[in-house]
1. Apply the Kirkwood formula to segment 105-187: the hydrodynamic radius equals the inverse of the mean of 1/r over all pairs of different alpha-carbon atoms; give it in Å with one decimal.
2. Once every Cα of segment 141-183 carries one equal point scatterer and solvent is ignored, give the base-10 log of I(q)/I(0) from the Debye formula at q = 0.13, 0.17 Å⁻¹, two decimals.
3. With all protein chains present and a 1.4 Å probe, how do Lys73, Lys165, Lys57, Lys99 order by accessible area, largest first?
4. Using only the alpha-carbon atoms of segment 42-178, report the extent along each of the three principal axes, biggest first, to the nearest angstrom.
5. Give the cross-link partners of Lys57 among the lysines, using a straight C-alpha distance below 19 Å as the criterion and excluding same-chain residues fewer than 8 apart.
6. Please compute the alpha carbon radius of gyration of segment 42-92, then divide it by the globular-protein estimate 2.2 N^0.38 Å. Two decimals is fine.
7. Can you compute the charge dipole magnitude of segment 97-187 about its Cα centre, using +1 on each Lys and Arg Cβ and -1 on each Asp and Glu Cβ, nothing else charged? Give it in debye, rounded to the nearest 20.
8. Of the options Pro136, Ala176, Asn147, report the single residue whose Cα projects farthest towards the positive end of the charge dipole of segment 101-187 (beta-carbon charges: Lys, Arg +1; Asp, Glu -1).
Amino acid sequence: RASEVVDGLTQHAPLSCVARFGRISSSVQHPTRPPLGMVRTIRTEIIIDASIGSVWKVVSDLRTWGEWNAWTKFEDVDENPAGTDARLLASFDGDGTWKEYACQILAVDHDRHFLNWAGGVPCGLFHGNHWIILTPESETRTRMEHNEDFTGLLPALNLGMPFAKVARNYVYINEAVKRVVEARAPD
């Protein structure tokens, strides 16, 4: 396991998966992020020994996230969810205690292997923009980047979300995707 101290917290991750968590200024440009004050970021990635198609089948099927994922699942998700509203359930401790958030599925791009959803609290208090993008390392290896930007007054004050737990859980989600995909027969 690798350890990294970020924002005064020790982050532990297996060597195959890296998480970066920090704070950046509003000068960073992101096409779907509202331009409000400070931004808190989570950046994770993992290499999965499977084709991009195999990984995408698991990641893009939001309706089945609860079957393999103890930290995030979706409810009220359409079969073709891009552009629709959904309910995201988060279990910060992976113990089955769920907190519900409204979100909008912004993109499920099968050509670019890009998944994006966002949600927040009105009046600029809190907004999260979450995305996963897959890139092929080879025909049988895929890089999965799993990221989120948080904007608004509450993230700027380190309020509104247990950010260290969320960053840790993205690493756990990445590892769960890796386990599920690598355990299945190749396509």
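The values are calculated or read from the model by the stated rules, or taken from the named source; none is laboratory data. Computed from a predicted structure; not experimentally measured. Positions of Cβ are backbone-derived with ideal geometry, glycine not excepted, and every protein chain shown enters the neighbour counts. Protein only, heavy atoms only, side chains kept; ligands, DNA and RNA dropped before computing areas. Shrake-Rupley method; radii C 1.70, N 1.55, O 1.52, S 1.80 Å.
1. Details: mean 1/r = 0.0686 Å⁻¹.
So the Kirkwood estimate lands at 14.6 Å.
2. -0.39, -0.58
3. Values: Lys73 50, Lys165 75, Lys57 125, Lys99 105 Å².
Ranked from most to least accessible, the order is Lys57, Lys99, Lys165, Lys73.
4. Sorted largest first, the three principal extents are 44, 28, 26 Å.
5. Those lysines meeting the cut-off are Lys73, Lys178.
6. Values: Rg = 12.2 Å, N = 51, 2.2 N^0.38 = 9.8 Å.
Taking the Cα Rg and dividing by 2.2 N^0.38 Å, one obtains 1.25.
7. Values: 9 positive and 11 negative charges, 70 e Å.
The calculation lands at about 340 debye.
8. Ala176
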